[in-house]
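Please treat every number below as a calculation from the coordinates, not as lab data. Please read all numbers here as calculations on a predicted model, not as lab measurements. Please note: Cβ atoms are built from the backbone with ideal geometry, for glycine as well, and neighbour counts cover all protein chains shown.
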Amino acid sequence: MVSYVRSRGKPKGKPIGGSGGDGGDVYIAADEAMATLLIYQRNPHHSAKDGFHGRGDLQHGRNGEDLVVRVPPGTTVYDDEGTMIADLVKHGQKVKALDGGSGGGGNAAFISAKRRAPAFSEQGEYGEKAAFTLEMRLLADAALIGFPNAGKSTLISAISAAKPKIADYPFTTLEPNLGVVSIGEREFVVADIPGLIEGASEGKGLGHEFLRHVERARALVVLLDPSPLQIASPEEQYRILLDELRRHSDELVSRPRVIALSKADLAADDFDTADLASSIDEHAVFSISAVADRGIESFLHAVADAIDQAVREEPGREGFILHRPIRDGYEVLATPGGWEVVGRAAERAVRLDDLTVALTADFVAGRLERLGVDKALREAGAVAGDEVRIGELVFEFSEPDEEELDERFSPTEDADE
């Protein structure tokens, strides 16, 4: 705001124009009340609030309200260049994604010994705008892994309230399903992960989709399918599954795991799980049938025990937030028509309300000189008469004479100006 104390005989008294408020910043924060990212899939565009205008009588505008993008714990955040800027794993963790624009100064902000009644104000700054990718990796206590059509979806539908799609063909499950399992007074979350095939660690089948969710499970439940639908034997399935886990991360195979022979009702009558456990070097293999409700209770207690072991052994995980260096204030670029100065510092320097007024234009010129823009243009090769663009404004580059420089850099000028 440009405003003055008005009194008889003094049309321009003391400047009292208030400054505008800053625009709101944008944060991305983990919130345990959030279960999915679906809200952002349906409505991907969000913005913080604008700052409020300044008014007379030194009334400064309020800052705009920040935007907090709330995401489930376990969400990773990538910028538009694909760089991970945060891995938010705990409730309350947050990262500042974008800065709001700073508010413009009213004419009272530009009083100095040489400018007792400035007739200009500063325009507010546009905030930053960018796209981000939010990726949620499931935070499950146990992950059901196995070959396609190994009975994972049938099992999770039998032991929890989850209702995944079930069919007798591979890759029925295309997205992970979560189910809460209660056994006695024990409760845990199980994730039904898309089926794994040999070569998954190299991206075959749904490999990468599978493996990135397994990373967030405390314990692993390996389901081996003895039915004729599987070409590989249970022993070979086990070898392939662990080999793919190891290829993706050595740490995965060191997690507590429970081995189960699913579809036990379809296994041969003489199939011996003790022999299977010995052949794959595991202390036990549970024989279960979700359809026939066979062996489920003891199996679930073993899964709960494995989860308890994982909780005792797991190190505290703090998450990750990338602290990026402050960007340069501006950059000089050559263009076909002359030069362009890009960067918020340079754009801030020229955002006054009326540059057709000589005093205002001179004030901006002094700002650019102090910022080093003139020097940077000269070093880049600019000469008098060249066209220079800063934001929406176009200037003609010129070299000030000594008298002009003395005027701009008067020792009575405020340091900020």
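Assign unit charges at the C-beta atoms only (+1 for Lys and Arg, -1 for Asp and Glu), then state the dipole size of the range 9-78 relative to its Cα centre in Debye, rounded to the nearest 20.
Once rounded to the nearest 20, the dipole reads 540 debye.
Can you give me the long-range amide H partners of Lys49? Hydrogens built in the peptide plane at 1.01 Å from N, cutoff under 5 Å, separation of 5 or more residues or another chain.
Gly24, Glu65, Leu67
Just to verify a number: FRET efficiency for Lys14 and Ala130, C-beta to C-beta distance, R0 = 45 Å, to 0.05?
FRET efficiency, Lys14 to Ala130: 0.60.
Check which residues have an amide H placed less than 5 Å from Val258's amide H, if you skip close sequence neighbours.
Amide H neighbours of Val258: Leu220, Val221, Val222.
Let me know the charge dipole size of the range 1-136 about its Cα centre in debye, to the nearest 20, where only the beta-carbon of Lys, Arg (+1) and Asp, Glu (-1) is charged. Could you put the intermediate results ahead of the total?
Numbers: 17 positive and 17 negative charges, 300 e Å.
Taking the Cα centre of the range 1-136 as origin, the dipole is about 1440 debye.
Subtract the Cα-Cα distance of Glu251 and Ala345 from 0.36 nm times their separation in residues, and report this length gain in nm to one decimal.
Stretched out fully, the Glu251 to Ala345 stretch lengthens by 29.2 nm.
Neighbour counts of other C-beta atoms within 10 Å: give me Glu122, Glu313, Glu135 arranged from fewest to most.
So the ranking, lowest neighbour count to highest, is Glu313, Glu135, Glu122.
Put a dot 7 Å past each Cα toward the Cβ at Arg212 and Ile183; how far apart are the dots in nm?
3.1 nm
Between beta-carbons, use under 13 Å as the cut-off and find the net charge around Thr335, counting Lys and Arg +1, Asp and Glu -1.
Neighbour charge sum, excluding Thr335 itself: -3.
What's the exposure ranking of His301, His60, going from fewest to most Cβ atoms within 10 Å?
Working: His301 14, His60 21.
Least to most surrounded, the residues fall as His301, His60.
What distance in nm separates the simple spin-label points at Ser279 and Asp80, each placed 7 Å from Cα in the Cβ direction?
The two pseudo-label positions are separated by 5.6 nm.
What is the mean projected area of the alpha carbon convex hull for the range 1-136, to one decimal in square nanometres?
10.5 nm²
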